[in-house]
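Please read the structure below before turning to the comments.
The values are calculated or read from the model by the stated rules, or taken from the named source; none is laboratory data. Just so we're clear, the structure is a prediction, and the values are computed from it rather than from any experiment. Note that each Cβ is placed from the backbone with ideal geometry, even for glycine, and that neighbours are counted across all protein chains shown. Ligands, DNA and RNA are excluded from the accessible area calculation, which covers all protein heavy atoms including side chains. Shrake-Rupley method; radii C 1.70, N 1.55, O 1.52, S 1.80 Å.
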Amino acid sequence: MAHKTEKQDMAWRAIGGMAGLVTAWATKKVIGFAWEKTTGRKPPEDNESLEISLGEAIGYAVVMGVGMQVAQIVVARTARKRYNAWKALKSSAGDAPS
């Protein structure tokens, strides 16, 4: 039984890892687009550059950090719920009489 649980844990880790990568990429694109539409400027690529004001660099860092964290939480919780539902469905299908 422990072997089956280990496989399920590995499957969840793989799913969670892929979801995290996709979420980070998509969130960066969405926040960058929103930043450009809101400010009229492209998002700062190098926050250490002296050509970018300190306020803009900090503002972008805060927006990006909060946005990334919120997106990761939402996606991770949704993925976990779906994975658990799939596991329960798969488990109940295996318990059904033939």
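Descriptive notes on the structure:
- Solvent-accessible area per residue for segment 13-78 (1.4 angstrom probe, square angstrom): 74
- For segment 25-98, the residue among 33, 91, 47 whose Cα projects farthest onto the positive side of the dipole built from Cβ charges is 91.
- With Cα atoms, 0 to 90° folded angle of helix 2-39 axis to the chain main axis: 20
- Only helical runs count toward this figure. For the chain, summing -39,500 (n - 2.57) over DSSP H runs of n ≥ 4 and dividing by all residues gives -30000 deg cm²/dmol at 222 nm.
- Quarter the surface of the alpha carbon convex hull of the chain and you get the mean projected area, 8.6 square nanometres.
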